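Structure record follows, encoded as structure tokens.
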Amino acid sequence: MKITILTLFPELFESFLKTSIIGRVVQEGIVDVECVQIRDFALDKYKHVDDKPFGGGAGMVMKYQPVLDALDSVKKDNSYTLLMSPQGKVYNQNKAKELAQKEHIILLCGHYEGLDARITKHVDEEISIGDYVLTGGELAAMVIMDSLMRLVKGSINAASLEEESFEDGLLEYPQYTQPADYKGDKVPSILLSGHHANIKAYRHKQRLLQTKKKRPDLIAQYTLSIEEKKKLEEEEDEE
Ligand code: ADE
């Protein structure tokens, strides 16, 4: 997979692309990441990339020409272009999985008050990372890159992806590590029992309970099996 980022601030991506799991994915060439400076495509002497909006109004708008030329310079037949925008469809794990299958993703980051609207004709999709407004698309691009790069084959252990939050519509079970008792606060004893089947059943029940408690919206969408309904009811009886 290749990811191309179009931005006015490539330096923002430097430590992100060198650190931890993402750093290794880049280092090992599992994902090839390229940052393209939009300003390099400005035509005037002062390399202007923004201007006042036609019709008046506050703030500056990113100009169509440098953005379109930057995009055209990297776009290929197998490219999928995403525009980072608070007006886009809200990103989620399913979208991350879908994007992880693409050969080439272009992430276009706007800045200032936004981009000249004509650019939207040239992108496949507008994506928002949530209902709030950022100063630019760079953080959104990093969120998207992080979530999809970890899904690309070879980046992290497939087993750790299987039971994680959202994978099947449920949150992850709670995890514990040493010490088993700290200041009297103990790890659930079943996890120390070595009984794999019981541990598996316990963890699944915890996933159901955590999701019901923390994300009632997710549990409402989830189709509970008869067995799972029973487990939740047992817990309600105990409360
Ligand atoms: N640019 C500004 N705000 C944004 C958001 N919420 N998501 C994606 N890109 C953005």
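The values are calculated or read from the model by the stated rules, or taken from the named source; none is laboratory data. None of these values were measured; they are calculated from a predicted model. A quick note on method: Cβ atoms are made from the backbone with ideal geometry, for glycine too, and the neighbour counts reach across all protein chains shown. Heavy atoms of the whole protein, side chains included, go into the accessibility calculation; ligands, DNA and RNA do not. Shrake-Rupley method; radii C 1.70, N 1.55, O 1.52, S 1.80 Å.
Within the stretch 111-139, residues that are in contact (Cβ under 8 Å) with a residue 60 or more places away in the chain and within 13 Å of the ligand (Cβ to nearest atom) have Cβ atoms under 6 Å from residues that are hydroxyl-bearing (Ser, Thr, Tyr) and in a strand (DSSP E or B) in these pairs: Glu138/Thr7, counting only partners at least 6 apart in sequence or on another chain. All conditions but one from (1) open to solvent by 20 Å² or more (accessible area, probe 1.4 Å); (2) within 14 Å of the ligand (Cβ to nearest atom); (3) within 22 Å of Lys2 (Cβ to Cβ) apply to Ile144; the one that does not is (1). Selection within the stretch 60-83: residues that are within 18 Å of Leu139 (Cβ to Cβ) and free of Cβ contacts under 8 Å to residues at least 60 places away in the same chain. The member of this set that is nearest to the ligand (Cβ to nearest atom) is Leu83.
Quick check: is even one residue across the stretch 147-163 assigned by TED's automatic domain parsing to the domain that holds Met84, buried (at least 20 other Cβ atoms within 10 Å of the Cβ) and within 16 Å of the ligand (Cβ to nearest atom)? Yes, because at least one residue in the stretch 147-163 is assigned by TED's automatic domain parsing to the domain that holds Met84, buried (at least 20 other Cβ atoms within 10 Å of the Cβ) and within 16 Å of the ligand (Cβ to nearest atom).
Of all the listed residues (Leu218, Leu134, Leu170, Leu232), the sole one being in contact with a Lys or Arg (Cβ under 8 Å, 6 or more places away or on another chain), within 30 Å of Lys102 (Cβ to Cβ) and among the hydrophobic types (A, V, I, L, M, F, W, C) is Leu170.
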